[in-house]
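Take a look at the structure set out below.
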Amino acid sequence: MPRLQATLLHPNRTPLKIKQLAISEIYIGTWARISMSKYNIGLPQRHKDSGALIALPSGIGEGSWFNSAGGNFPDVQTFSSRSEKVARYLSTEVWRGRTLPAADRIKRIYPGEQLNIYYTSYYGGVLSIDPKEGSGRNYKMLMGDRAIVEFAGKTLRVMK
């Protein structure tokens, strides 16, 4: 099964390549989801929403958070889709102002591609690997930080 990895780039600090690999999803947004997350994907695209969710159809949760947040994986029960090497980005609970065309709410990420998220919110943010309260896999983000999400070189071996 494919996995995702993340790197945090803080201005004027050494890049932090996060050692934990995601087997289900990565969340990037404000620490408290009641606050508006603001970030750019690439430089021109401004997003305002409850956070970015990057998920794998093959994850342990099989995309349950992604699907309930309005994304839609193909049938994750078939082995071909569970081993599919594509991740999906979802902008959750989008502010419907002038910042985000509806077509850009969901994106696909393939091996060899990077998703760059530039955090621009005043509120403290978090990058969370397979989010779970108290997991210790939460990394603080501040305005000006950049997160890079991509496929990891290591996969999770699964017995059929």
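Nothing in this text is a laboratory measurement; each read-out follows from the coordinates by a stated rule. Owing to the predicted nature of the structure, the values given are computational and were not obtained by experimental measurement. All Cβ positions, glycine included, derive from the backbone under ideal geometry; neighbour counts span all protein chains shown.
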For this session: Order these peptides, 13-26, 114-127, by their mean beta-carbon neighbour count within 10 angstrom, highest first.
Result: 114-127, 13-26
Exercise. For ARG13 and MET36, what is the calculated FRET efficiency with R₀ set at 30 Å and r taken between the beta-carbons, to the nearest 0.05?
Worked result: 0.75
